[in-house]
1. Kindly evaluate residue 103 against the criterion of being surrounded by fewer than 14 Cβ atoms within 10 Å (Cβ to Cβ) and at pLDDT 80 or above.
2. Considering only the range 40-105, give the helices (runs of 4 or more DSSP H) lying wholly within it that have at least 3 residues that are more than 20 Å from the chain's Cα centre (by Cα) and closer than 15 Å to residue 1 by Cα.
3. What do you reckon, is residue 3 within 30 Å of residue 152 (Cβ to Cβ) and either at pLDDT below 80 or under 13 Å from the mean Cα position of the chain (by Cα) (or both)?
């Protein structure tokens, strides 16, 4: 589990750091001078808090028990805009959900029914497939960022008709006004 903070006073004391260590929470810092990162962190935190509120039903003291489930829900749910989950954008594949493990879904059955002779062949084929998936992952991330930007630009009244569908971008710069994109 990761918490992103701006190193504010509530997060900069020893008891909080001890709590993080005890619960295996990785603390990351976002620079206060990088508003884009802070905005992303704040948006993610807002979504996670909304999930937690729905899980707690007024029993606010139970939030530590509910947090892992809320994070799981957030990280595995597809965004309406990008059609991708944060997990899939990070790792290039969908997460295996606990129900699949409990009820032996076809995905789990396939993984569990290998004999040793077929395992080497499968590993070779899977390795090639996984490399191709990872090569395409950056394009999926860029596509998701472009979809988010185009929705945001549309909401701001900026025309997105100038964007060419399927155009890949070599570099992306962020400014306070939005994205500046350079095509490859």
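1. In short, no.
2. Values: elements: 63-76, 86-91, 98-102.
Result: 63-76.
3. Taking the combined requirement at face value, the residue satisfies it.
The values are calculated or read from the model by the stated rules, or taken from the named source; none is laboratory data. These numbers were taken from a predicted model, which means no experiment stands behind them. Note that we place each Cβ from the backbone using ideal geometry, even for glycine, and neighbour counts take in every protein chain shown.
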